[in-house]
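Visitor: Below is a structure I'd like to ask you about.
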Amino acid sequence: MTNNSVSSTARVLGAGLRALLVLTLVCGVLYPLAVTGVAQALFHDKANGSEIKDSGGRVVGSSLIGQRYDLPPKDGEESPAPDLRWFQPRPSNGLGSNSVNTQYSLILSGATNRSGDNKELVQWVTAAKAAVVKDNSTPTYKVNPADVPADAVTSSGSGLDPDISPAYAELQVHRVAEKNNLDVGKVEDLVADHTTGRLLGFMGEPRVNVLELNTALRDLTRG
């Protein structure tokens, strides 16, 4: 009886071990390799992070994640000033800073979760609008506060939106042209070349990827 029980237990353990090895091979090796192979063959760019490269082939970021373009912070400065040579993205400083592990500078993602009538949010938007008008007005071009689009003064749900509206990009053209000693027409052409229309002509809104636009701007200024 004891021998039969040991033999039965051994068979069950053996079957379980074989099943574990087979499932590990199929689910842990073959399936990931197959998915990776298909992704690399059919969606190579997306599978590798939608990387954006400059004219020298250096990876400068991803088309899916927004970046800030700021000057080095001065002593005692809470937040650095924007580097006005570059097109600026949507605001993304409404989420606070990393206070859990200050050894690392983290990218914080998420909405501010404030209602439209929240006093602090109203103050942020009002201050952001005034800054947009001030920063983008030049001696030959004055920004009308009524022309400031919503995405210039509000962050996206994630705070990491890589795109801005064509209206916000166009509002920045004169300032960017002046700061880089470029003809306004050339900068306008640059914006037009990097404006993506609605998907299939009716889905979503036209948009401009800020990193792609600034990468092209860098190449133009270096050329």
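The values are calculated or read from the model by the stated rules, or taken from the named source; none is laboratory data. A quick note: this is a predicted structure, and the numbers were derived from the prediction, not measured. Quick reminder, even Gly has a Cβ in these numbers, built from the backbone with ideal geometry, and neighbours come from all protein chains shown.
Visitor: May I ask you to list the residues in segment 121-164 that are more than 14 Å from S92 (Cα to Cα), of a type in the set (S, T, N, Q) and touching a helix residue (DSSP H, G or I) at 6+ places or on another chain (Cβ under 9 Å)?
Guide: Matches in segment 121-164: N136, S137, T138, T140, N144.
Visitor: State yes or no: is R18 at pLDDT 80 or above and closer than 26 Å to P149 by Cα?
Guide: Details: at pLDDT 80 or above: yes; closer than 26 Å to P149 by Cα: no.
It is false that R18 is at pLDDT 80 or above and closer than 26 Å to P149 by Cα.
Visitor: Shifting gears a bit: Please specify each residue of segment 142-157 satisfying the condition of being within 21 Å of the chain's Cα centre (by Cα), hydrophobic (A, V, I, L, M, F, W, C) and either farther than 15 Å from L121 by Cβ or surrounded by 15 or more Cβ atoms within 10 Å (Cβ to Cβ) (or both).
Guide: Let us first name the residues in segment 142-157 that are within 21 Å of the chain's Cα centre (by Cα), namely 149-157.
From the residues that got through so far, the ones that are hydrophobic (A, V, I, L, M, F, W, C) too are 150, 152-153.
Scanning segment 142-157 gives A152, V153.
Visitor: Okay, moving on. Determine which member of the set L190, L160 is surrounded by 15 or more Cβ atoms within 10 Å (Cβ to Cβ), of a type in the set (A, V, I, L, M), within 21 Å of S63 (Cβ to Cβ) and more than 18 Å from the chain's Cα centre (by Cα).
Guide: On the way: L160 fails: more than 18 Å from the chain's Cα centre (by Cα).
Going through L190, L160 in turn, just one is surrounded by 15 or more Cβ atoms within 10 Å (Cβ to Cβ), of a type in the set (A, V, I, L, M), within 21 Å of S63 (Cβ to Cβ) and more than 18 Å from the chain's Cα centre (by Cα): L190.
Visitor: Moving on. Can you work out which of the residues in segment 41-61 that are among the small types (G, A, S) and out of contact with any helix residue (DSSP H, G or I) (no Cβ under 8 Å at 6 or more places or on another chain) is farthest from R90 (Cα to Cα)?
Guide: Going residue by residue through segment 41-61, those that are among the small types (G, A, S) are 41, 47, 49-50, 55-57, 61.
Filter once more, so that each one left must be out of contact with any helix residue (DSSP H, G or I) (no Cβ under 8 Å at 6 or more places or on another chain): 41, 49-50, 56-57.
Values: A41: 34, G49: 21, S50: 20, G56: 27, G57: 27 Å.
Of everything passing the filter in segment 41-61, A41 is farthest from R90 (Cα to Cα).
Visitor: Might you check whether a residue that is at pLDDT 80 or above and either more than 17 Å from S156 (Cβ to Cβ) or assigned to a loop (DSSP other than H, G, I, E, B) (or both) occurs anywhere in segment 92-113? Show your work before the answer.
Guide: If we filter segment 92-113 for residues that are at pLDDT 80 or above, which is where we start, we get none.
No, segment 92-113 contains no residue that is at pLDDT 80 or above and either more than 17 Å from S156 (Cβ to Cβ) or assigned to a loop (DSSP other than H, G, I, E, B) (or both).
Visitor: Considering only segment 119-162, state which residues are in contact (Cβ under 8 Å) with a residue 40 or more places away in the chain and either touching a Lys or Arg at 6+ places or on another chain (Cβ under 8 Å) or in a helix (DSSP H, G or I) (or both). Talk me through it step by step, then tell me what you get.
Guide: From segment 119-162, those in contact (Cβ under 8 Å) with a residue 40 or more places away in the chain are 135, 138, 151-162; that's our starting set.
The answer is D135, T138, D151, A152, V153, T154, S155, S156, D161.
Visitor: Could you look through segment 163-187, keep only residues that are more than 19 Å from the chain's Cα centre (by Cα) and not in a helix (DSSP H, G or I), and pick out the one that is nearest to Q67 (Cα to Cα)?
Guide: Checked segment 163-187; the qualifying residue nearest to Q67 (Cα to Cα) is N180.
Visitor: Could I ask something else about it? Which pairs have Cβ atoms under 9 Å, sit 6 or more apart or on different chains, and link a residue in segment 50-72 that is modelled with pLDDT of 85 or more to one that is surrounded by 13 or more Cβ atoms within 10 Å (Cβ to Cβ) and of a type in the set (F, W, Y)?
Guide: Y69/W86; Y69/F87
Visitor: On to the next question. For V143, indicate whether it is touching a Ser or Thr at 6+ places or on another chain (Cβ under 9 Å), at pLDDT 95 or above and within 21 Å of V210 (Cα to Cα).
Guide: Details: touching a Ser or Thr at 6+ places or on another chain (Cβ under 9 Å): yes; at pLDDT 95 or above: yes; within 21 Å of V210 (Cα to Cα): yes.
For V143, the condition - touching a Ser or Thr at 6+ places or on another chain (Cβ under 9 Å), at pLDDT 95 or above and within 21 Å of V210 (Cα to Cα) - is met.
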